[in-house]
Protein chains: 2
Amino acid sequence: MTVRAPRLSASERRAQLIDVGRRVFAKRGYEAASLEEIADEAKVSRPVVYEHFGGKEGLYAVVIDREMDVIVQRIAAAISGGSPRARVEAAALAFLTYVKEHPEGFAVLTHDAPVSTARGGMSSLLNDVAARVGDIFAASFKSAGYDPKAAPVYAHALVGMVTFVGQWWTETRRPSVEEVASHIAALAWMGLRHLPKRPTRLKSRPT
Amino acid sequence: MTVRAPRLSASERRAQLIDVGRRVFAKRGYEAASLEEIADEAKVSRPVVYEHFGGKEGLYAVVIDREMDVIVQRIAAAISGGSPRARVEAAALAFLTYVKEHPEGFAVLTHDAPVSTARGGMSSLLNDVAARVGDIFAASFKSAGYDPKAAPVYAHALVGMVTFVGQWWTETRRPSVEEVASHIAALAWMGLRHLPKRPTRLKSRPT
DNA sequence: CGTGTAACTTACGTTCGTGTAGGTACGCGT
DNA sequence: ACGCGTACCTACACGAACGTAAGTTACACG
């Protein structure tokens with residue numbers, strides 16, 4: 001017969017289900033994932049999942065929440081001190097390190113979220129980050145004689161840089177995150193430092 | 001009774017269904033979208049969709065294909081001539097203009113694709129683009145004394161910049177795509193021009 | 001004015017996934 | 001050894017989609 005899996009305590013089972021759930025959501029995305037697959041992989045029947053999380057959305061919410069916490073913590077710690085330049089690099093490194101150590105969590109965050117939730121995991125987080133960065137930029141821009149309206153553009157550009165490279169890195173896993181982070185930071189930093197006061201518009205309008 | 005919708009020719013209906021399908025896929029993502037909603041919105045019953053596209057995947061494939069064509073065409077045209085610097089800006093502008101004029105198409109491409117397809121719409125396209133850019137960089141890097149291994153990092157960083165800004169722009173729709181493109185191009189260009197030969201590693205390793 | 005073809009529909013079978021009701025068995029404490 | 005609570009399971013009701021079969025309506029054309 002099918003070998004009976006060992007009985008677990010409530011909190012152990014909970015932890016395990018979060019783990020399995022993250023893996024399955026990472027692989028399939030929210031919609032395509034089924035509680036059945038999750039339950040099977042945890043060697044448990046579906047009602048157990050309902051008991052603990054109330055359903056698919058419940059589990060998903062917990063997974064997302066946990067993952068957000070992890071990544072926010074790391075980035076917050078990274079930008080807590082040092083020169084501006086160092087903070088840029090530290091933030092990139094923190095993000096990439098997260099991607100390296102929690103590939104499944106990262107995958108879950110990048111996948112589509114259910115329609116019900118007010119804008120899914122990553123996009124909301126990244127927009128928050130970008131907005132913050134944008135505010136900082138806007139202040140610096142003002143005092144340096146740049147157009148503050150352009151600040152959000154640069155902020156989002158930076159965030160996009162890091163996230164996209166992160167996604168690519170999960171596939172190649174090379175070069176090391178430290179190298180990648182330093183390259184990205186260099187690109188961003190040098191780009192920002194040598195920004196013209198008012199970028200030259202090269203073409204007026206295409207067709 | 002429900003008002004009878006006018007009868008359409010095969011090709012007209014086909015075109016209409018592609019249009020509606022794009023809109024619905026953009027709104028819901030592939031998995032969450034239902035043929036029923038698409039058929040309803042087109043004032044037609046479901047079998048019609050099967051007749052024309054063989055099913056959900058078929059319609060989706062056509063929508064994706066069409067959209068890819070559009071965007072590839074535009075970018076190809078944009079980088080066909082001019083100084084390197086001008087090409088960077090033109091490519092960014094072309095992409096952002098596409099985002100502006102085809103927000104639903106862009107949304108479809110960024111959403112998750114069905115698991116069956118070999119890596120969904122956008123990611124595959126962007127990776128292609130990034131790979132091409134990376135090759136060009138690698139060549140330039142070699143002859144300029146930079147580490148060619150870093151080329152893909154910069155390539156992906158650039159692509160990520162543009163796409164993420166594009167996503168953000170769909171929400172704010174300001175400033176104009178021309179301004180945004182010139183800012184992005186400036187950031188990218190200045191960053192690349194002032195790249196140190198070998199980026200200084202600032203921190204050795206965090207805990 | 002019939003008649004055939006293309007466009008379209010209603011109706012059904014089937015699968016799959018969610019969520020719940022009620023029962024079983026493991027194992028800890030006394 | 002004997003409860004007794006907690007972990008867990010089987011079984012079912014339900015609905016949402018997909019996909020198909022067979023019939024029906026509109027319209028062009030001889």
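The values are calculated or read from the model by the stated rules, or taken from the named source; none is laboratory data. Keep in mind it's a predicted model, so treat the numbers as computed, not measured. Don't worry about glycine lacking a Cβ; one is built from the backbone with ideal geometry, like all the others, and counts go over all protein chains shown. For the accessible areas, the whole protein counts, side chains as well, though only heavy atoms, and no ligand, DNA or RNA atoms are used. Shrake-Rupley method; radii C 1.70, N 1.55, O 1.52, S 1.80 Å.
Per-structure values
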| item | result |
| --- | --- |
| The listed residue being surrounded by 15 or more Cβ atoms within 10 Å (Cβ to Cβ) and touching a residue at least 60 places away in the same chain (Cβ under 8 Å), out of B:G21, B:G105 | B:G105 |
| Matching entry among B:V99, B:V177 (being touching a Ser or Thr at 6+ places or on another chain (Cβ under 8 Å), within 11 Å of another protein chain (Cβ to nearest Cβ) and β-branched (V, I, T)) | B:V177 |
| Positions within segment B:70-80 being part of a loop (DSSP other than H, G, I, E, B) and surrounded by 15 or more Cβ atoms within 10 Å (Cβ to Cβ), in sequence order | B:I79 |
| One residue from B:I38, B:I79 being of a type in the set (A, V, I, L, M, F, W, C) and either in contact with a Phe, Trp or Tyr (Cβ under 6 Å, 6 or more places away or on another chain) or under 17 Å from B:L125 (Cβ atoms) (or both) | B:I79 |
| Flag for A:E171 being more than 7 Å from chain B (Cβ to nearest Cβ), surrounded by fewer than 14 Cβ atoms within 10 Å (Cβ to Cβ), over 18 Å from A:P84 (Cβ atoms) and of a type in the set (D, E) | yes |
| Any hit, segment A:52-74, residues being among the basic types (K, R) and near DNA strand C (Cβ under 9 Å from one of its atoms) | yes |
| Residue match in segment B:145-155 (condition: closer than 23 Å to B:M68 by Cα, open to solvent by 50 Å² or more (accessible area, probe 1.4 Å) and not basic (K, R)) | no |
| Contacts under 8 angstrom Cβ, first residue in segment A:33-58 being over 23 Å from A:D112 (Cα atoms) and open to solvent by 80 Å² or more (accessible area, probe 1.4 Å), partner more than 9 Å from DNA strand D (Cβ to nearest atom) and among the hydrophobic types (A, V, I, L, M, F, W, C), 6 or more apart | A:R46/A:L35 |
| Pick from segment A:108-120, criterion open to solvent by 10 Å² or more (accessible area, probe 1.4 Å) and under 12 Å from the mean Cα position of the chain (by Cα), ranking: modelled with the lowest pLDDT | A:G120 |
| So A:F106, is it within 20 Å of B:M122 (Cα to Cα) and touching a His at 6+ places or on another chain (Cβ under 6 Å) | no |
| Some residue of segment B:155-167 being modelled with pLDDT under 95, more than 7 Å from chain A (Cβ to nearest Cβ) and outside any helix (DSSP H, G or I) | no |
